[in-house]
Amino acid sequence: MTEPTNNSESEERERMPAMQSLLDNPFLLLFIGVAMPTVFYLIWGIMEIVTLPVAP
């Protein structure tokens, strides 16, 4: 068993998983935390407007 001699070789072997890099970014988490409820409430509001009965 031979160990890598410098850090660049070990970094190439152990790449950070994509989900971990996504969860380590606080600004991306903040954006997702604001954008997801906004989108859901927007869709919910549109569905409520569409399902309103027509006024006689």
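The values are calculated or read from the model by the stated rules, or taken from the named source; none is laboratory data. Note that the structure is a prediction, hence the values are computed from the model and not measured. Backbone-built Cβ (ideal geometry, glycine too); neighbour counts: all protein chains shown.
A few comments on the model shown:
- Among the residues listed as Val34, Val39, Val54, the single one being at pLDDT 85 or above and outside any helix (DSSP H, G or I): Val54
- Filtering region 1-31 to residues that are modelled with pLDDT of 90 or more and of a type in the set (A, V, I, L, M, F, W, C) leaves Phe27, Leu28, Leu29, Leu30, Phe31.
- Any pair with Cβ under 6 angstrom, 6 or more apart, that starts in region 7-23 at a residue that is within 29 Å of Gly33 (Cα to Cα) and ends at one that is in a loop (DSSP other than H, G, I, E, B) and modelled with pLDDT under 90: none
- Residue count for region 28-56 satisfying the condition of being under 13 Å from the mean Cα position of the chain (by Cα) and either farther than 28 Å from Ala18 by Cβ or among the aromatic types (Phe, Trp, Tyr) (or both): 1.
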